[in-house]
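Before any comments, here is the structure.
Derivation of every value follows stated rules applied to the coordinates shown; laboratory data play no part. Remember, it's a predicted structure, so these values are computed and weren't measured experimentally.
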Amino acid sequence: MAQEGPTLTSEGIFPTLKDPVAQAHFERDGIVVVPMLEPGEARELRRRILQELPADPGPFFDLFRNNPPELRKRIDSMIRGELEERVGEIFVDHDFWSATVLVKQPGDEGEIGLHTDWNMVDESRYRSGLIWLALDDTSARNGGLLAVPGTNRLDVPYRGRDVHFGFDTAPVQARIEAQTVAVDVSIGHAAVWDNRLLHGSGPNTADDWRIAAALGFKPRHAQLYHYRLMPDGVAHRFAIEREFFLDYEPFLPTDTIGGPHVLDDEPFAPSTWELTPQDLAGLVAPPSDPAPDSGADSRRWWRRPVRS
Ligand SMILES: O=C(O)CCC(=O)C(=O)O
């Protein structure tokens with residue numbers, strides 16, 4: 001007898017979160033904040049992560065940028081060990097294409113301009129994204145998250161490393177600036193966002209490092225992909241296994257991508273789309289309608305210049 005899977009969303013997409021209210025927020029805003037660890041558990045994880053990090057990890061540290069594969073593997077396995085089971089309780093059958101830490105030192109240089117994350121799955125059927133677990137109380141003060149709610153619902157073509165990003169005209173940037181919000185996440189809570197969402201984070205004006213642990217998620221049975229514009233001028237879609245990201249350096253130039261964790265390589269026509277301000281109008285959820293469990297005060301409107 002065929003096994004019944006979970007009910008697909010109204011758009012025919014495999015669902016992300018078990019809780020229907022959180023799922024509805026995720027579909028509408030592209031980001032939702034959920035409780036994940038007790039504050040004491042989060043503080044203990046932070047302590048363990050600090051033991052692994054270099055003394056000076058730079059303004060912004062994650063496992064995609066210039067760090068030794070041994071360190072990546074150690075941190076990857078620590079984060080998976082701590083979080084996968086807990087996350088499994090709130091996600092519909094998913095697995096994790098990356099496990100990382102996102103560390104921001106005090107200062108201006110760790111600011112992350114608004115961006116979308118790459119396509120990791122076939123988005124006509126699935127959603128992929130990031131679980132960003134705050135190991136400090138995070139807000140605009142210490143380099144907390146920024147997001148443009150609803151941009152997950154924009155119909156843009158594939159996204160990837162060096163792939164065209166059609167958000168850059170001045171009228172679109174002005175509209176984005178007006179629609180950017182700060183998403184405050186308290187310690188032990190996780191922001192769960194859709195890779196299609198426009199998001200980033202501001203400077204850390206506090207005295208201490210801001211640390212988050214993160215898992216990249218996708219439905220377990222969905223094929224994992226990496227899109228990249230290669231030096232031949234052609235965008236490629238590489239079908240990959242999750243181990244691919246343990247050695248790959250996406251921010252370094254390369255002529256070829258291969259190895260045991262690359263299953264397929266399909267060329268894609270370069271895309272040249274541009275958003276218009278009208279595309280962004282009407283995407284925003286009312287501020288009086290906060291995400292579940294984030295508390296009415298924990299999402300506030302915060303206007304700020306957008307940097308690419
Ligand atoms: O941790 C942060 O400050 C931002 C992380 C982010 O934007 C990302 O991982 O895509």
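Here are a few things to note about the model shown:
- The fraction of all Cα pairs in the stretch 132-235 landing in successive 5 Å bins from 0 to the largest distance is 2, 10, 16, 19, 18, 17, 12, 5, 1, given as whole percents.
- Of all lysines in the structure, those lying under 26 Å Cα to Cα from Lys18, and not within fewer than 8 positions of it along the same chain, are Lys218.
- Interchain or long-range residues, amide H under 5 Å from Leu198's placed H: Val148, Thr151, Asn152
- Hydrodynamic radius of the chain per Kirkwood, over alpha carbon pairs, in Å: 19.9
- Residues whose amide H falls under 5 Å from that of Val121, counting only those 5 or more places apart or on a different chain, are Tyr225, with hydrogens built in the peptide plane.
- With contacts taken as Cα pairs under 8 Å at a separation of at least 6 residues, the stretch 20-283 carries a relative contact order of 29 percent.
- Mean-position separation - Cα centroids, the stretch 28-102 and the stretch 194-240, in angstrom: 14
- Distances between placed amide hydrogens fall under 5 Å for Trp97 paired with Gly216, Phe217, Lys218, all partners being 5 or more residues away or on another chain.
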